[in-house]
1. Tell me yes or no: at least one residue of the stretch 126-149 is surrounded by fewer than 20 Cβ atoms within 10 Å (Cβ to Cβ) and either closer than 24 Å to TRP212 by Cα or assigned by TED's automatic domain parsing to the domain that holds ALA84 (or both).
2. Keeping to the stretch 223-242, report how many residues are touching a residue at least 40 places away in the same chain (Cβ under 8 Å) and surrounded by fewer than 17 Cβ atoms within 10 Å (Cβ to Cβ).
3. List the residue pairs whose Cβ atoms are under 9 Å apart, where the first residue sits in the stretch 193-210 and is at positive phi, the second is at pLDDT below 95 and of a type in the set (S, T, N, Q), and the two are 6 or more positions apart or on different chains.
4. Just the residues that are surrounded by fewer than 16 Cβ atoms within 10 Å (Cβ to Cβ) and either in contact (Cβ under 8 Å) with a residue 24 or more places away in the chain or part of a loop (DSSP other than H, G, I, E, B) (or both), please, taken from the stretch 22-34.
5. Give the residue that is modelled with the lowest pLDDT, with candidates limited to residues of the stretch 35-52 that are assigned to a loop (DSSP other than H, G, I, E, B) and aliphatic (A, V, I, L, M).
6. Looking at the stretch 45-63, I want the residues that are at negative phi and have a partner that is of a type in the set (Val, Ile, Thr) and at pLDDT 85 or above with Cβ atoms under 9 Å, at least 6 apart or on another chain. Which pairs are those?
7. Any residue at all in the stretch 246-257 that's modelled with pLDDT under 90 and not in a helix (DSSP H, G or I)?
8. Before we move on, is ALA139 in contact (Cβ under 8 Å) with a residue 24 or more places away in the chain, part of a helix (DSSP H, G or I) and either of a type in the set (A, V, I, L, M, F, W, C) or on the phi < 0 side of the Ramachandran plot (or both)?
Amino acid sequence: MSPVLWLYVLAALLGLVMGSAVTALAWRVPRGVSWVHGRSECPACGHVLEARDLLPVLSWMTALGRCRHCGAEVAIRYPLTEIACAVWCVLVLRHLGLVPAMPFVALWGFLLVALTWIDLDYQLLPDALTLPGTLVGVAAAALTPSGLGNAMFGMLVGSGTLSLLAWGYLRVRKIEGMGGGDIKLAAMLGAVLGWKLVVLTFFLAALTGSLWGGWLILRKRGDGLTALPFGTLLCPAAMVAYLWGPGWIGLYVRFWRGG
């Protein structure tokens, strides 16, 4: 096996391990449980999990998606999260190469995966994740050619745009349509993406939200006022924009320039 292939294998393994940590973050942080201290346990029976229960993906598969101790079903989101983090780590390595910014960008994405699940479940974007995520993003930007200036402007455009939208929605509809957590998340996104990609992220999230809302309306499970967790839309959109957004923007510009 070539050294490059070994590097991708190691990145995938690291992503799997971090994916397991992400599932713990997504469960503990919104419940106010320390994610630094304490052993992982089954949410159903409280049994402390052993090493063989914590192997990414494999533990879920060998236990047939159930707790070995009480038989309670373990949601498929756990192995899917671990796989998603492994794929993200490999794609970031492919996108950047083995450079100093790579681990920071990877960690930024892992935090976004955790925030995706937390916002879906609780409509909450905890400062305990968004603020460190912003610092991680700034550190990544400091190690890239675009530098801190691009990061600062991206944070300003990201948080400023959502602040303006939240203010306008409140003035027109007389109800809050966006929380402070979304605005802090936008700053976290802008630190890594810069202003162009953060705008693309908003577009992708809004498009996905429109499709999601339309699907809920068709199934009579919502209406035009149904609130959707915007962070759950923003986080995956940001990861997609980071990986493929520059190419899409380039195609768009060339199209309008006629060549």
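1. So far as the stretch 126-149 goes, yes, one or more of its residues are surrounded by fewer than 20 Cβ atoms within 10 Å (Cβ to Cβ) and either closer than 24 Å to TRP212 by Cα or assigned by TED's automatic domain parsing to the domain that holds ALA84 (or both).
2. First, the residues of the stretch 223-242 that are touching a residue at least 40 places away in the same chain (Cβ under 8 Å): 227, 229-232, 234-236, 238-239, 241-242.
From what's left, surrounded by fewer than 17 Cβ atoms within 10 Å (Cβ to Cβ): 227.
Matching residues across the stretch 223-242 total 1.
3. GLY194/SER146; GLY194/ASN150
4. Residues satisfying the conditions are GLY32, VAL33, SER34.
5. Taking the stretch 35-52 first, the residues assigned to a loop (DSSP other than H, G, I, E, B) are 35-40, 42-47, 49-50.
Narrowing further to those that are aliphatic (A, V, I, L, M): 36, 44, 49.
Details: VAL36: 71, ALA44: 74, LEU49: 76.
So the residue we want is VAL36.
6. Once the first residue is at negative phi and sits in the stretch 45-63, its partners that are of a type in the set (Val, Ile, Thr) and at pLDDT 85 or above give ARG52/THR62; LEU55/THR62; PRO56/VAL17; PRO56/ILE83; SER59/VAL74; TRP60/VAL74; TRP60/ILE76; ALA63/VAL74.
7. Yes; the residues of the stretch 246-257 include at least one that is modelled with pLDDT under 90 and not in a helix (DSSP H, G or I).
8. On the way: in contact (Cβ under 8 Å) with a residue 24 or more places away in the chain: yes; part of a helix (DSSP H, G or I): yes; either of a type in the set (A, V, I, L, M, F, W, C) or on the phi < 0 side of the Ramachandran plot (or both): yes.
Here the answer is yes, as ALA139 does meet what is asked.
The values are calculated or read from the model by the stated rules, or taken from the named source; none is laboratory data. Since the model is a prediction, treat every value here as computed from it, not as a measurement. Note that we place each Cβ from the backbone using ideal geometry, even for glycine, and neighbour counts take in every protein chain shown.
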